[in-house]
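Chemist: So that we are looking at the same thing, I have put the structure below in structure tokens.
The values are calculated or read from the model by the stated rules, or taken from the named source; none is laboratory data. Note that this is a predicted model, so its numbers are computed, not measured. Every residue, glycine as well, gets a Cβ built from its backbone with ideal geometry; the counts of neighbours run over all protein chains shown. Only protein heavy atoms, including side chains, enter the accessible area calculation; ligands, DNA and RNA are left aside. Shrake-Rupley method; radii C 1.70, N 1.55, O 1.52, S 1.80 Å.
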Amino acid sequence: MGLHQLTSRIYFLEHDPEVDRPMLAYLKGDTFSLAIDAGYSASHVRDFYEAIESEHFRKPDFTVITHWHYDHTFGMHAISGVSIAHDKTNEFLKEQQEREKDPGYIAVLKKEDVHLRKEYCGQDKFHIVLSDVTFSDNMTLNLGGITARIFHTVSPHSEDSVCIYVPEEKVLFLGDATSEDFFHGGYMDRDRLRSLTQMIRSVDCDCCILSHCQPLGKEELLAYLDSILDPTEG
Ligand SMILES: [Zn+2]
């Protein structure tokens with residue numbers, strides 16, 4: 001599996017429904033490169049970096065995390081360069097580090113989650129780390145010819161949801177922000193979804209990226225979100 005090119009400077013390794021791996025993106029600036037999400041495991045990172053190297057690109061200088069969930073962060077120990085996450089993401093990861101001290105923790109998760117069981121097949125522990133850099137609201141990375149505007153957003157999926165907007169390419173990365181909260185019984189908080197939808201509508205983007213889908217047009221995504229918010233309309 002190689003990198004797909006989305007725009008002139010944005011590439012991605014596709015999501016993998018088989019193990020529920022999210023897509024990992026690569027933003028190629030003139031000065032720095034930025035990866036979006038660290039991935040599920042060391043082997044996910046390895047697959048991503050092999051795809052990057054086969055394009056003769058350098059490994060990411062920075063990796064920004066969209067939210068704390070296993071499939072986006074548990075590969076963070078294996079990345080190269082500097083990792084960046086929201087304060088709350090690190091708080092959640094700290095909780096995970098505490099739980100990980102129980103040697104039975106991975107077995108419990110494997111029992112609950114068929115995808116995690118596949119991704120960590122034959123492995124008996126995680127290696128959970130916190131990010132090198134944290135922020136509380138937003139930060140901007142000038143990568144050289146391309147900018148990553150990283151900001152926290154209200155989301156029904158997780159409290160620490162972070163989006164990355166690339167104005168030059170009109171692309172908005174949303175992580176899993178539009179999904180329900182699987183850690184609270186799959187609850188969909190409609191007020192939060194409404195606020196997120198307003199944010200998406202206000203951003204000048206053509207393309208929206210959800211971590212477990214193919215890239216979507218902005219209008220296509222908004223029509224879908226509106227249909228969840230107002231199922232009687234349309
Ligand atoms: Zn998630």
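Chemist: Starting from region 52-108, pick out the GluC sites (Glu not before Pro) whose DSSP state is loop and whose Cβ has at most 15 other Cβ atoms within 10 Å. Before the final figure, lay out each step's value.
Modeler: Details: sites: 53, 55, 91, 95, 98, 100; in loops: 55.
For GluC sites (Glu not before Pro) across region 52-108 that sit outside H, G, I, E and B with at most 15 neighbouring Cβ atoms in 10 Å, the list reads 55.
Chemist: Further question on the same structure: Probe radius 1.4 Å, ligands and nucleic acids ignored: give me the carbon and sulfur share of the accessible area of region 3-229 as a rounded percent.
Modeler: On the way: 4840 of 10050 Å².
Here it works out to 48 percent.
Chemist: What number of lysine-lysine pairs in the chain show an alpha-carbon separation below 30 angstrom, given a sequence spacing of 8 or more or placement on distinct chains?
Modeler: 29
Chemist: With a/c under 1.5 counting as rounded, go ahead and sort region 66-200 into rounded, prolate or oblate using the C-alpha gyration tensor (a ≥ b ≥ c being the square roots of the eigenvalues; past the cut-off, prolate if a/b is larger than b/c, else oblate).
Modeler: oblate
Chemist: For region 142-234, state which GluC sites (Glu not before Pro) are in a DSSP loop and have at most 10 other beta carbons lying within 10 Å of their beta carbon.
Modeler: On the way: sites: 159, 168, 169, 180, 219, 220, 233; in loops: 159, 168, 169, 180, 233.
Counting only loop positions with at most 10 other Cβ atoms within 10 Å, the GluC sites (Glu not before Pro) in region 142-234 are 233.
Chemist: How much area per residue is accessible in the chain when the probe is 1.4 Å and only protein heavy atoms are counted (Å²)? If you can, show how the numbers build up before the last one.
Modeler: Values: 10800 Å² over 234 residues.
About 46 Å² of surface per residue is accessible.
Chemist: Let a ≥ b ≥ c be the square roots of the eigenvalues of the Cα gyration tensor of region 3-229; is it rounded (a/c under 1.5), or, if not, prolate (a/b larger than b/c) or oblate? Working shown, then result.
Modeler: Numbers: a/c = 1.56, a/b = 1.14, b/c = 1.37.
It is oblate, given that a/c is not under 1.5 and a/b is not larger than b/c.
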